[in-house]
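One structure is given below, encoded as structure tokens.
The values are calculated or read from the model by the stated rules, or taken from the named source; none is laboratory data. For clarity, every value in this text was computed on a predicted model and none was experimentally measured. Glycine also receives a Cβ, built like all others from the backbone with ideal geometry; neighbour counts cover every protein chain displayed.
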Amino acid sequence: MPKVTQTSSRKADHIRINLEEDVRSGLTSGLENYHLIHQALPEINLEDIDLSLDVFKRQLSAPILISSMTGGTEEAGEINQILAEAAQETGIAMGLGSQRAAIENPELSPTFEVRQYAPDVLLLANLGAVQLNYGYGIEQCQRAVDMIEADALILHLNALQEAVQPEGDTRFAGLLSKIETVCRALPVPVIVKEVGWGFSEDAARQLEAAGVSAIDVAGAGGTSWTQVEMHRAENQYQARLAAAFLDWGVPTAQAITNIRTAAPGMKIFASGGLRDGIDIAKCIALGSSLGGMASPFLKAAKKSAGETIDTIRLIQNQIQVAMFACGAKDLNHLRNIPLNES
């Protein structure tokens with residue numbers, strides 16, 4: 001049995017809390033304020049609608065990303081295998097949870113190693129960007145990529161989460177230049193992702209200048225990791241500190257707009273409170289390439305691979321019907337469909 005590290009123990013807590021507790025942000029994603037315009041005469045056939053796209057040299061059947069969730073525990077390994085099998089079956093993209101636990105303890109690597117189950121999937125490795133200020137460098141980033149034969153590396157930003165963790169890593173000064181070094185040196189694309197509080201225009205400009213290939217907005221409106229940490233708190237003081245940030249962050253829709261405005265050439269992945277395929281369609285119309293979800297897939301994977309595949313198929317069909325009803329024959333057309341804003 002692999003040694004349980006502080007990092008892997010924290011990951012086990014995160015799975016349990018996300019499944020058992022209400023950890024939703026006090027904010028909404030903002031997507032409810034946008035509406036695709038219904039076309040009574042779409043002039044296309046439903047079966048002719050094309051959801052396919054290429055991202056980082058991988059062909060996807062639909063613009064869906066299983067957002068980064070977990071790894072580092074036996075349970076997480078089982079979940080990741082199911083998610084990978086479902087992604088392979090349905091032709092969508094998948095991100096892994098932070099691989100720091102396996103960098104610290106290579107015995108935990110098998111909980112992340114899913115390429116054998118998903119040979120054709122766009123697979124995204126993942127490390128916390130702040131670890132670049134705690135001794136990590138190109139070597140560790142490359143190890144994360146090699147561990148899962150990844151097509152790209154996510155460096156996630158979670159300053160607020162770290163700030164409310166008693167064991168948090170909070171030295172974020174000088175991080176941008178280290179992200180730039182990774183972008184320049186790593187042979188695969190680098191994606192920078194928030195974990196639930198979105199991006200400002202300033203941050204988007206900084207990351208574009210650093211050479212980042214894509215930004216996953218992970219805006220406010222879905223899971224709030226301060227609420228997760230509130231449930232992990234060891235005392236009332238820590239719980240109250242975390243609870244105060246329930247309404248913090250840039251909602252997902254605004255974060256997409258911020259990046260599109262500040263860095264118009266940037267590839268955008270949308271996540272943070274997306275509920276269904278209609279929300280993904282809205283995000284693409286706003287300027288995203290992919291729409292990512294975590295919680296629906298985690299809950300489905302806890303049941304079975306079949307349930308996970310069914311969940312993905314439903315979301316694919318929702319995107320297809322939304323495109324049909326607004327007259328968009330493919331994703332390029334959808335990106336040029338106007339939205340009503342309320």
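Among the residues of segment 77-99, the one identified as within 21 Å of Ala328 (Cβ to Cβ) and in a strand (DSSP E or B) is Ala93.
Annotation: of all residues in segment 240-254 being more than 13 Å from Gly198 (Cβ to Cβ) and not charged (D, E, K, R), the one that is surrounded by the fewest Cβ atoms within 10 Å (Cβ to Cβ) is Ala244.
For segment 280-299, which residues satisfy the criterion of being in contact (Cβ under 8 Å) with a residue 60 or more places away in the chain and part of a helix (DSSP H, G or I)? Passing the criteria: Ile280, Ala281, Lys282, Cys283, Ile284, Ala285, Leu286, Ser295, Phe297, Leu298, Lys299.
Based on this model, can you work out whether Ala262 counts as in contact with a Phe, Trp or Tyr (Cβ under 9 Å, 6 or more places away or on another chain) and at pLDDT 95 or above?
So Ala262 fits the description; yes.
Looking only at residues of segment 184-240 that are among the polar types (S, T, N, Q) and part of a helix (DSSP H, G or I), we find that the one that is nearest to Ser289 (Cα to Cα) is Gln206.
Across segment 255-267, the qualifying residues are those that are in contact (Cβ under 8 Å) with a residue 40 or more places away in the chain and surrounded by 24 or more Cβ atoms within 10 Å (Cβ to Cβ), and the one among them that is farthest from the chain's Cα centre (by Cα) is Ile259. Determine, yes or no, whether Gly277 is small (Gly, Ala, Ser), buried (at least 24 other Cβ atoms within 10 Å of the Cβ), in contact (Cβ under 8 Å) with a residue 24 or more places away in the chain and under 21 Å from Ile337 (Cα atoms). Judged against the criteria, Gly277 is a match.
Which one of Asn317, Asn340 is at pLDDT 95 or above, under 20 Å from Ile49 (Cβ atoms) and surrounded by fewer than 16 Cβ atoms within 10 Å (Cβ to Cβ)? Result of the check over Asn317, Asn340: Asn317. The residues in segment 165-204 that are among the aliphatic types (A, V, I, L, M) and closer than 21 Å to Thr70 by Cα can be counted, and the count is 4. Once segment 242-287 is narrowed to residues that are among the polar types (S, T, N, Q) and touching a Cys at 6+ places or on another chain (Cβ under 9 Å), the residue that is farthest from Ala93 (Cα to Cα) is Thr252. Restricting attention to segment 127-176 and to residues that are within 19 Å of the chain's Cα centre (by Cα) and in contact (Cβ under 8 Å) with a residue 60 or more places away in the chain, the residue that is surrounded by the fewest Cβ atoms within 10 Å (Cβ to Cβ) turns out to be Asp151. Checked against (1) under 23 Å from Val145 (Cβ atoms); (2) surrounded by 19 or more Cβ atoms within 10 Å (Cβ to Cβ), Gly30 passes all but a single condition, namely (1). For segment 79-109, residues that are charged (D, E, K, R) and either within 13 Å of Thr308 (Cα to Cα) or within 18 Å of the chain's Cα centre (by Cα) (or both) total 3.
Scanning for something farther than 27 Å from Ala233 by Cβ, polar (S, T, N, Q), out of contact with any helix residue (DSSP H, G or I) (no Cβ under 7 Å at 6 or more places or on another chain) and part of a helix (DSSP H, G or I), does segment 108-120 turn up at least one residue? Within segment 108-120, one or more residues are farther than 27 Å from Ala233 by Cβ, polar (S, T, N, Q), out of contact with any helix residue (DSSP H, G or I) (no Cβ under 7 Å at 6 or more places or on another chain) and part of a helix (DSSP H, G or I).
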